[in-house]
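Reading through the structure tokens given below for one structure.
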Amino acid sequence: MKKWLLTLVFPSLVFAQNIQEIDSLSQVMCRELEKTNPNDLPQERLGDVFEKVIVPYVEMQPIKIQGQVMELFYFRSQRVCGLYLDLLSEALDSPTPMKRVKEEPVSTISQQDLDIFKQNKRFWYRENDGTKTKVTLSGGNWKSNYSDGTKSLYSLHWISSNRFEVAYIKSNNHRSKMNLVGDKYQYKILSRNGSEFTLCEWVEGMNKYSIFTLNL
């Protein structure tokens, strides 16, 4: 495995600056990843493109902040590039309870089940590592409480009967390294099965949709 990938697994958790440059270069990296051979190992595809596109930029920065800049690429690229996110999960062998698809799923939920969703405030879902995250939807906010005691806060705005948007406000979780204040995520409620609601999450323009379950 590439040395840089091992470094990314244990980031320094210090949020660097210059987000526009980071996001722009992450998009360049994404286009380069699409040109790589899909038959190659994900470690090789990521490593080759990272060293071609990202490493030269990082090495131009002062030595004392290079680790911070590398860390920022690690987190922000997960918002910008769906292929990067998929390859990273494969490279680190980290299964996810989310199912990722390339087209926005169609909602089949009934109005009655939508009403039940909106009448409830407390939900939970599974993280990639199997831990349970508790979610509170109330007062126009989405509040996440993680198993390690950290929290995230987003504002919540309904767009239609089955779709809403959340905007990042603050967090003391690693989400603070991935998001800027105001970063938005889209959600669509797809279906209900007993106490489980299936939702779709995506970032506008990313063309990558994640399907997951919110449980009562």
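The values are calculated or read from the model by the stated rules, or taken from the named source; none is laboratory data. All of these numbers come straight from a predicted model, not from anything done at the bench. With ideal geometry, Cβ positions are generated from the backbone for all residues, glycine too; neighbour counts draw on all protein chains shown. Calculation scope for accessible area: heavy atoms of the full protein, side chains included, ligands and nucleic acids excluded. Shrake-Rupley method; radii C 1.70, N 1.55, O 1.52, S 1.80 Å.
Among the lysines, which fall within straight-line cross-link reach of LYS134, defined as a Cα-Cα distance under 24 Å, with same-chain neighbours fewer than 8 residues apart omitted?
Of all the lysines, those that pass the test against LYS134 - Cα under 24 Å, at least 8 places apart if same chain - are LYS99, LYS118, LYS121, LYS143, LYS151, LYS170, LYS177, LYS184, LYS188.
Once neighbouring chains are kept in place and the probe is 1.4 Å, which whole percent of the accessible area of the chain is contributed by carbon and sulfur?
Solvent-exposed carbon and sulfur of the chain make up 49 percent of the total.
Could you work out the helix-only [θ] at 222 nm for the chain, with each DSSP H run of four or more residues adding -39,500 (n - 2.57) and the total divided by the number of residues, to the nearest 500 deg cm²/dmol?
Value at 222 nm, helices only, nearest 500: -10500 deg cm²/dmol.
Radius of gyration and Dmax for the chain's Cα atoms, expressed in Å?
18.2, 58
In percent, how large is the relative contact order of the chain, given Cα pairs closer than 8 Å and 6 or more residues apart?
Once normalised by length, the contact order is 18 percent.
Averaged per residue, what accessible surface does the chain expose to a 1.4 Å probe, in Å²?
54
Looking at the range 138-199 from every direction and averaging, what is the projected area of its Cα convex hull in nm²?
Taking a quarter of the hull surface, the average projection is 4.9 nm².
Find the cysteines in the chain that fail to meet the 4.7 Å Cβ criterion with every other cysteine, and list them.
That list is CYS200.
Quick one: longest stretch of the chain between exposed loop trypsin sites (Lys or Arg not before Pro), exposed meaning at most 14 other C-beta atoms within 10 Å and loop per DSSP?
Of all site-free stretches, the longest is 1-101.
Considering the convex hull of the alpha carbon atoms of the range 64-165, report its projected area averaged over all viewing directions, in nm², one decimal.
That works out to 8.9 nm², a quarter of the Cα hull's surface.
So what's the range 165-216 giving for Rg/Rh, alpha carbon basis, Kirkwood Rh from the mean inverse pair distance?
Using only Cα positions, Rg/Rh for the range 165-216 is 1.03.
Pop the C-beta distance of GLN20 and ASP48 into the FRET formula with R0 = 41 Å and round what comes out to the nearest 0.05.
Here the calculated transfer efficiency is 0.95.
What length, rounded to one decimal in nm, is gained on full extension from LEU180 through to ASN39, with 0.36 nm per residue of separation minus their alpha-carbon distance?
Full extension from LEU180 to ASN39 adds 47.3 nm.
Could you give the longest part of the chain that holds none of the GluC sites (Glu not before Pro) found in DSSP loops with at most 11 neighbouring Cβ atoms within 10 Å?
1-102
Taking 22 Å as R0, compute the FRET efficiency from the Cβ-Cβ separation of ALA167 and GLU103 and round it to 0.05.
Approximately 0.35, to the nearest 0.05.
May I ask you to derive the relative contact order of the range 151-216, considering only C-alpha pairs under 8 Å and at least 6 residues apart, and to give it as an integer percent?
Worked out over the range 151-216, it gives 22 percent.
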